[in-house]
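Asks: Let me give you the structure first, and then I'll get to my questions.
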Amino acid sequence: MKIQDIFFLVIFVLIASRQNIRLSAGIGLACVVLAIPLFAKWVFFTAEHLTWYAAGFFLLAVAQGIVIEIKNSHNKR
């Protein structure tokens with residue numbers, strides 16, 4: 001496990017605890033934007049990891065949205 005993976009896990013846990021969909025999606029977009037120049041410079045290992053991190057943040061945003069909708073629908077009953 002490299003330092004970037006540990007850094008990702010720490011950030012992921014912090015963002016997951018906040019339950020902020022926009023923040024999760026925004027960090028996912030930032031990872032994609034940061035990966036583009038790395039792919040252009042042929043730094044494939046880090047760029048590929050950034051795209052996987054982006055996918056993780058996007059899935060986190062979707063999961064947070066589902067949880068919030070379930071809580072809202074449960075509170076309306």
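The values are calculated or read from the model by the stated rules, or taken from the named source; none is laboratory data. Please read all numbers here as calculations on a predicted model, not as lab measurements. Counting neighbours? That spans all protein chains shown, and the Cβs are built from the backbone with ideal geometry, glycine included. SASA here: full protein model, heavy atoms, side chains in, ligands and nucleic acids out. Shrake-Rupley method; radii C 1.70, N 1.55, O 1.52, S 1.80 Å.
Asks: Pairs needed: first member in segment 25-51, part of a loop (DSSP other than H, G, I, E, B); second member anywhere, buried (at least 16 other Cβ atoms within 10 Å of the Cβ); C-beta distance under 9 Å; at least 6 residues apart or different chains.
Replies: The qualifying pairs are LYS41/ALA47.
Asks: Can you name every residue in segment 21-47 that is under 14 Å from the mean Cα position of the chain (by Cα) and loosely packed, with under 15 Cβ neighbours inside 10 Å?
Replies: ARG22, GLY26, LEU29, ALA30, VAL33
Asks: Residue check: is GLY65 among the small types (Gly, Ala, Ser), open to solvent by less than 100 Å² (accessible area, probe 1.4 Å) and more than 11 Å from the chain's Cα centre (by Cα)?
Replies: yes
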